[in-house]
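Undergrad: Supplied in structure tokens, the structure appears directly below.
Nothing in this text is a laboratory measurement; each read-out follows from the coordinates by a stated rule. Predicted model, so just to flag it, every value in this text is computed and none were measured. When we count neighbours, we look across all protein chains shown, and the Cβ atoms used for this are built from the backbone with ideal geometry, even at glycine.
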Amino acid sequence: MPQNYQIDNLDKAILSALMNNARTAYAELAKQLNVSAGTIHVRVEKMKQAGIITGAHISVSPKHLGFDVCCFIGIILKSAKDYPSALEKLNALDEVVEAYYTTGQYSIFIKVMCRSIDALQQVLINKIQSIDEIQSTETLISLQNPISRSVNP
């Protein structure tokens, strides 16, 4: 299946429904969208093959799991060639939950979740800033996350 698969309105409706509740049965979706369950199955499989649907996920509340501190850290590397090894070391840290290779001031921008400010301080000093490839960091602490959503198909 080519990666340039063009979605239509039915695909968009299927995606919207599944993004709202990934556990919705194909039969239920078919009923809602006035098509057969087989049609839903075929469309979902085509979107999986095209790389549009990459999986189904359960969302958890970090706060309810005891992770009260969310921050973003801009990382300046010593050299551009250090990116692969720095990324590998960052990936090994459980506290790093997202990473982006960026343009502009920072080479890498990461999202970090910690249980407390003290824990964040330990992660910064003992884990992140001790990575040899990192020249410097800038930390931004998130006060709240008022908007969090996926793209609208």
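Undergrad: What distance in nm lies between label points placed 7 Å from Cα along the C-beta direction at Ala37 and Tyr5?
TA: Spacing of the two 7 Å Cα→Cβ label points: 2.1 nm.
Undergrad: Taking R0 as 35 Å, what FRET efficiency do you get between Glu98 and Ala50 from their Cβ-Cβ distance, rounded to the nearest 0.05?
TA: Rounded to the nearest 0.05, the efficiency is 0.90.
Undergrad: To one decimal place, what Kirkwood hydrodynamic radius in Å is obtained for the range 63-142 from all pairs of distinct Cα atoms?
TA: 12.6 Å
Undergrad: Using mean Cβ contacts within 10 Å as the protection proxy, how do 109-116, 75-82, 10-17 order, highest first?
TA: Packing proxy ranking, top to bottom: 109-116, 10-17, 75-82.
Undergrad: Count of lysine pairs in the range 63-142 with Cα atoms under 18 Å apart, counting only pairs 8 or more residues apart in sequence or on different chains?
TA: 7
Undergrad: How much net charge surrounds Ile40 when only the other residues with a Cβ under 15 Å from the Cβ of Ile40 are counted, with Lys and Arg +1 and Asp and Glu -1?
TA: +2
Undergrad: Using a ≥ b ≥ c from the Cα gyration tensor of the range 41-94 (square roots of the eigenvalues), is it rounded, prolate or oblate, where a/c under 1.5 gives rounded and otherwise the larger of a/b and b/c decides, a/b for prolate?
TA: It is oblate, given that a/c is not under 1.5 and a/b is not larger than b/c.
Undergrad: Let me ask something else about it. Need one number: nm distance between label points at Glu88 and His57, each 7 Å from Cα along Cα→Cβ, rounded to one decimal.
TA: My value for the distance between the label points is 2.6 nm.
Undergrad: How many nm separate the modelled label positions at Leu143 and Ala25, each set 7 Å beyond the Cα in the direction of the Cβ?
TA: With each label point 7 Å from Cα toward Cβ, the separation is 4.7 nm.
Undergrad: For the range 9-49, rounded, prolate or oblate, judged on the Cα gyration tensor with a ≥ b ≥ c (square roots of eigenvalues), a/c < 1.5 rounded, else prolate if a/b > b/c?
TA: Rounded.
Undergrad: Can you run phi through the Karplus equation (6.51, -1.76, 1.60; θ = phi - 60°) for the range 32-42 and list ³J(HN,Hα) in whole Hz, with x for Gly and Pro?
TA: These are the phi-based 3J(HN,Hα) values: 5, 9, 6, 9, 7, 4, x, 5, 4, 4, 4 Hz.
Undergrad: Something else: Which of the peptides 95-102, 56-63, 31-38 is most tightly packed, and how do the rest follow, going by the mean number of other Cβ atoms within 10 Å of each residue?
TA: Ranked by mean Cβ neighbours within 10 Å, highest first: 95-102, 31-38, 56-63.
Undergrad: Now, a different point. I'd like the Karplus ³J(HN,Hα) series for the range 137-149: coefficients 6.51, -1.76, 1.60, θ = phi - 60°, whole numbers in Hz, and an x wherever there's a Gly or Pro.
TA: Values per residue, Gly and Pro as x: 9, 9, 10, 10, 8, 7, 8, 6, 10, x, 10, 8, 8 Hz.
Undergrad: Taking the structure as given and computing Kirkwood radius over Cα pairs in Å, which label from (i) 16.5; (ii) 18.5; (iii) 16.2 fits?
TA: For Kirkwood radius over Cα pairs in Å, the calculated option is (ii).
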